[in-house]
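Written below as structure tokens is the structure these notes are about.
The values are calculated or read from the model by the stated rules, or taken from the named source; none is laboratory data. If you're wondering where the values come from, they're calculated on a predicted model, not measured in any experiment. Here the Cβ positions follow ideal geometry from the backbone for every residue, glycine too, while neighbour counts run over all protein chains shown. Note: accessible area is taken over every heavy atom of the protein model, side chains too, but ligands, DNA and RNA are not part of it. Shrake-Rupley method; radii C 1.70, N 1.55, O 1.52, S 1.80 Å.
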Amino acid sequence: MSYQRYFIEAVNKLKAEGNYRVFKDLSRYAGQFPLARDEAKNRDIVIWCSNDYLGMGQHPDVIQAFTETAVAMGTGAGGTRNISGTHHPIVELEKELAGLHGKHAALVFTSGYVANETSLATLAKIIPNLVFFSDECNHSSMIEGIRHSRAEKHIFRHNDLAHLEELLKAEPLERPKVIVFESVYSMDADIAPIKEICDLAQKYNALTYLDEVHAVGLYGPNGAGVADREGLMPRIDIIQGTLGKAFGVIGGYIAGNAAVIDAIRSFAPGFIFTTALPPALAAAAVTSIRHVKQTHALRTKLHANVAQVKAMLESAGIRVMESSESHILPVVVGDPVKCRQISETLLEEYGIFVQHINHPTVPKGTERLRITPSPLHTEEMMQDLVAALLVVFRKAEVKQAA
């Protein structure tokens with residue numbers, strides 16, 4: 001029996017649907033974000049789709065913290081924190097994260113995906129008869145965490161408070177509940193009604209679990225996220241975030257009161273049995289967080305550039321999704337093949353990299369370009385982007401309303 005045909009047929013099906021992923025071979029220039037080298041074409045390009053929202057992955061202070069710690073402590077953590085001990089930089093990182101979110105404690109994981117999947121699955125191990133209430137647009141990591149928990153779940157329509165309350169009301173008040181949602185939804189670029197969800201959680205005796213991965217570093221007086229901006233941090237029981245986006249490194253974390261963090265630390269397989277984040281990465285993350293907290297100008301410039309690019313796109317007749325109310329600008333193409341072709345043409349003919357987003361990341365028929373302006377994109381880069389999109393959209397016969 002030949003098993004190869006299963007793999008070949010599965011991939012061929014993706015290719016026929018226009019959903020096959022091809023990774024771009026790029027080399028970023030330290031200190032020159034958003035410029036990078038397209039290794040396939042041997043030329044410089046401008047990145048317009050990075051999740052390194054503030055360019056902190058190439059900040060000289062962050063690089064220095066990384067290199068100095070690697071020289072002093074080596075490249076690896078040596079194993080899990082239980083077996084090999086906890087290196088000091090990760091202890092400092094967890095203190096920094098707890099302080100950022102105004103919580104008693106934090107716990108660092110190897111990625112934001114692992115933080116969500118493991119934390120949510122572990123909650124159901126700790127709390128008997130737990131039921132989850134999850135927004136239908138939650139990230140795959142949250143969906144998988146709830147699925148692996150084997151706990152009962154209810155999916156509420158995206159940001160639909162009436163539907164959420166209807167589902168909450170159907171459960172006994174005394175039954176343990178967790179409402180799981182995000183602050184910024186990265187594909188539609190909208191923001192959750194956090195206060196109203198907290199009100200429902202209080203009314204129906206539920207914990208709140210808020211994913212702030214696309215918001216930490218970018219919102220609030222200290223960059224702690226949308227809950228921070230809206231003064232709602234104390235009402236969130238568990239905050240989950242990432243070090244791999246606005247902080248420019250890698251890793252994920254949760255923050256909350258001491259009891260919940262200690263319990264998850266003690267029972268979560270994805271934490272207990274995984275090699276810890278290396279010291280150099282932890283030290284770089286601490287440096288990045290401290291810099292972002294103190295440098296309000298970065299956030300101000302980011303949001304100013306987002307507003308400017310959005311205005312330029314709409315003035316040119318290129319429609320940004322109406323749901324967009326954050327720093328992400330999704331432009332719907334609505335066809336997987338055209339969406340991929342537009343992305344490829346922008347890169348090959350204009351040196352502009354905007355990755356196409358197709359199914360299953362977004363629903364079929366809503367394929368899109370996801371544009372993420374940074375504080376470091378220049379006026380000239382913005383003009384080049386809009387001019388190129390106009391030409392490419394016209395050639396692809398993409399319908400765009402003014």
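For segment 292-309, how many residues meet the condition of being of a type in the set (A, V, I, L, M, F, W, C) and more than 13 Å from residue 328 (Cα to Cα)?
Restricting attention to segment 292-309, the residues satisfying the condition of being of a type in the set (A, V, I, L, M, F, W, C) are 292, 297-298, 302, 304, 306-307, 309.
Checking which are more than 13 Å from residue 328 (Cα to Cα) leaves us with 292, 297-298.
Within segment 292-309, residues that are of a type in the set (A, V, I, L, M, F, W, C) and more than 13 Å from residue 328 (Cα to Cα) number 3.
Do the conditions hold for residue 388, that is, is it modelled with pLDDT of 95 or more and among the hydrophobic types (A, V, I, L, M, F, W, C)?
Numbers: modelled with pLDDT of 95 or more: yes; among the hydrophobic types (A, V, I, L, M, F, W, C): yes.
For residue 388, the condition - modelled with pLDDT of 95 or more and among the hydrophobic types (A, V, I, L, M, F, W, C) - is met.
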What's the number of the only condition in (1) out of contact with any Leu (no Cβ under 7 Å at 6 or more places or on another chain); (2) assigned to a helix (DSSP H, G or I); (3) crowded, with 22+ Cβ neighbours inside 10 Å that residue 132 fails to meet? (2)
How many of the residues making up segment 283-323 are of a type in the set (A, V, I, L, M) and in contact with a His (Cβ under 7 Å, 6 or more places away or on another chain)? 2
Could you check segment 305-340 and list, in sequence order, the residues that are within 16 Å of residue 359 (Cβ to Cβ), touching a residue at least 60 places away in the same chain (Cβ under 8 Å) and among the aliphatic types (A, V, I, L, M)? 333, 337
By residue number, the members of segment 233-250 that are open to solvent by 10 Å² or more (accessible area, probe 1.4 Å) and small (Gly, Ala, Ser) are 244, 248
Filter segment 135-149 down to residues that are more than 13 Å from residue 182 (Cα to Cα) and under 17 Å from the mean Cα position of the chain (by Cα) and give me whichever is least open to solvent (accessible area, probe 1.4 Å). 145
Return the total of residues in segment 209-227 being surrounded by fewer than 24 Cβ atoms within 10 Å (Cβ to Cβ) and free of Cβ contacts under 8 Å to residues at least 40 places away in the same chain. 1
Look at residue 230 and say whether it is open to solvent by less than 10 Å² (accessible area, probe 1.4 Å), without any contact (Cβ under 8 Å) to a residue 40 or more places away in the chain and farther than 21 Å from residue 166 by Cα. no
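For residue 152, are the conditions met, namely being within 18 Å of residue 237 (Cβ to Cβ) and either in contact (Cβ under 8 Å) with a residue 24 or more places away in the chain or surrounded by fewer than 17 Cβ atoms within 10 Å (Cβ to Cβ) (or both)?
Working: within 18 Å of residue 237 (Cβ to Cβ): no; either in contact (Cβ under 8 Å) with a residue 24 or more places away in the chain or surrounded by fewer than 17 Cβ atoms within 10 Å (Cβ to Cβ) (or both): yes.
Taking the combined requirement at face value, the residue does not satisfy it.
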Which pairs do you get when a residue that is under 16 Å from residue 75 (Cα atoms), found in segment 272-288, comes within reach of a residue that is part of a helix (DSSP H, G or I) and not hydrophobic (A, V, I, L, M, F, W, C), reach meaning Cβ atoms under 6 angstrom, with the pair 6+ apart or on two chains? 276/81; 279/69; 279/89; 280/69; 282/89; 283/69; 283/89
Take residues that are open to solvent by 10 Å² or more (accessible area, probe 1.4 Å) and touching a Cys at 6+ places or on another chain (Cβ under 8 Å) and tell me which of the strands (runs of 3 or more DSSP E) falling wholly in segment 9-125 contain 2 or more. none
Scan segment 27-77 residue by residue and report those that are in contact (Cβ under 8 Å) with a residue 12 or more places away in the chain and basic (Lys, Arg). 28, 41, 43
Taking residue 286 as the residue in question, decide whether it is over 29 Å from residue 380 (Cα atoms) and part of a helix (DSSP H, G or I). yes
Out of the residues in segment 179-205 that are touching a helix residue (DSSP H, G or I) at 6+ places or on another chain (Cβ under 8 Å) and in contact (Cβ under 8 Å) with a residue 60 or more places away in the chain, which is surrounded by the fewest Cβ atoms within 10 Å (Cβ to Cβ)? 191
Within segment 171-225, tally of residues that are farther than 17 Å from residue 102 by Cα, part of a strand (DSSP E or B) and of a type in the set (D, E, K, R): 2
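Suppose we filter segment 222-253 for residues that are among the basic types (Lys, Arg) and within 21 Å of residue 141 (Cα to Cα); how many remain?
Final tally of qualifying residues: 1.
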